[in-house]
Amino acid sequence: MTSNRGSFTGKLGFILAAAGSAVGLGNIWRFPYLAAKYGGGIFLLVYIILSVTFGFSLMIAEIAIGRKTGLSAIGAFKKLDKRFSFAGVLAAVVPVIILPYYSVIGGWVMKYVVGFATGLGGAMAEGKFFDNYIATVGEPLAWFALFIGITAVIVLFGVEKGVEKVSKVMMPVLVVLTVFIAVYTICTMDGAWDGVLYYIMPDFSKFSMMTVVAAMGQLFYSMSLAMGIMITFGSYMKKDISIEKSTHHIEIFDTGIAFLAGLMIIPAVFAFSGGDESALGQGPGLMFVTLPKIFDTMPAGSVIGFAFFVMVLLAALTSAISLMETIVSIVMDKLKLPRKISCIIVLAVCLLLGIPSSLGYSAWDGVRILGMQFLDFFDFISNNIIMPVVAFVTCIVVGYVLKPKAIIDEVEESGRFKSKGLFAVVIKYVAPVCILLILISSVLNAFGVITI
């Protein structure tokens, strides 16, 4: 490992930074929506099973590749086998696509944090507030620039003083806020317990292959797989830190926050809508339209709304930091530039790339790519196409080129790999099939052939 790249000080720093990457906006509204749609308890059960098999094996592979090579995605795949260098390039492209549009949404969240802090919660609860806001040009661009600027400043301080230190503060605060809001919502809203039962009780009549595919897709995106992040973080990981134990802890964080997000959102939406399931399936509208209306009807709703959006902002920032750190790491590795210059370059590029996603709802609203607005297109091409391809190639490289033993040996640098048998089977046979299902179903869903 090159000495100028930095490293995490220990196991806790690595776990909190990696968990911060995994815990993002997808955990806050996408997980609760899918859990409600696919029967609550049965979806949770499927998700947990996949997390400890499919997700566990892919994360182990990526972290081990990073630590083994001491490089970010492009360099790591090239060092393992030059024939698969393209996988590293694709993995590097993913955060470059995601970070700009993700930061646009992060800017929306910052707007709502300040709005609730300054007593505008009631105004934000009005039906057209969100649509009217994103239809303007200047203010969304300003909040987007501020969000990505804060992210860049944190990354500028490096792995130990920036990424790790901030994660150690943000992640515990995020957990506390999530638990507080979930408990408060359940205890203060009439009808909330019906939502709790709907969320945790299995509805076997809704179980199908699409339940499995939807759970796999959520797990895939939620755990920050196939976007170079875990490879990059693995490259900062010291040899005496257990990859296996760290992965288990990251999974617990990720699944726990997603579950608690469901306890925050599903009971509240159910109580507000009178048990209408369709109220959960609104995408960004759930967070920026429905929830402000709910907060407006709750006791101390302005305080709870402020706490909620602070929690969402923390989740968005931890993920954005990981995305930017991954890109900066790649620039440092490939161009041999110092961190400061690399951060400035990445910030400038992401600012430019984020403009279309912000203006896609205002000045450039009439422009479509494959029938999608800029933000939706960037989300589709990264999450639904490139990431499954990268993950599939990773399984092929690990399972059939390097062989699982190479990864197992790296994991066992820090102790016995208790689940090495499970890892070998999943990475060679189970994961490739799961990933192909995700890829095919995502494409079919995008073109309206099936609905996930």
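Quick note: the coordinates plus some simple rules give every number you see, no bench work behind them. Bear in mind that the values here come from a model prediction, so they are computed numbers and not experimental data. Virtual Cβ from ideal backbone geometry, glycine too; neighbours counted across all protein chains shown.
Its Cα gyration tensor gives segment 258-403 an equivalent ellipsoid, and the semi-axes of that ellipsoid, as √(5λ) in whole Å with the largest first, are 35, 21, 19. Under Stokes-Einstein, with the Kirkwood radius over Cα pairs standing in for Rh, what whole-number D in µm²/s applies to segment 88-181 at 4 °C and 1.567 mPa s? Once the numbers are plugged in, D ends up at 84 µm²/s. For the chain, find the longest principal axis of its Cα atoms and tell me its angle to the long axis of helix 165-188, 0 to 90°, nearest 10. Taking Cα atoms only, the helix is inclined about 30 degrees. Beyond 16 Å, the tail of the calculated P(r) for segment 294-353 holds 59 percent of the Cα pairs.
Listed by chain and number, the aspartates and glutamates whose alpha-carbon sits under 18 Å from that of residue 405, ignoring those within fewer than 8 places in the same chain, are 62, 81, 244, 413.
Could you let me know the centre-to-centre spacing of segment 373-452 and segment 316-369, using Cα atoms, in angstrom? Comparing the Cα centres of segment 373-452 and segment 316-369, I get a distance of 25 Å. Phi angles of segment 396-403 translate, via the Karplus equation with coefficients 6.51, -1.76, 1.60 and θ = phi - 60°, into HN-Hα couplings of 5, 4, 6, x, 10, 9, 6, 6 Hz per residue; Gly and Pro are given as x. A simple rule links phi to the HN-Hα coupling: the Karplus curve 6.51 cos²θ - 1.76 cosθ + 1.60 with θ = phi - 60°, which for segment 12-26 gives 4, x, 5, 4, 5, 5, 5, 5, x, 5, 5, 7, x, 4, x Hz, with x for Gly and Pro. Remark: the chain projects, on average over all directions, an area of 19.6 nm² (convex hull of Cα atoms). Using the Cβ-Cβ distance between residue 207 and residue 418 with R0 set to 41 Å, the FRET efficiency works out to roughly 0.85. Inter-part distance, segment 55-128 to segment 216-254, computed on C-alpha centroids, equals 13 Å. Angle of helix 301-335 to the longest C-alpha principal axis of the chain, folded into 0 to 90 degrees and rounded to 10: 20°.
Round to the nearest 10 and give me the degree value, 0 to 90, for the angle of helix 138-156's Cα axis relative to the longest principal axis of the chain. On a 0 to 90 degree scale, this one is about 40. Pairs exceeding 24 Å between alpha-carbon atoms, taken from 78/336; 165/239; 239/420; 168/428: 168/428.
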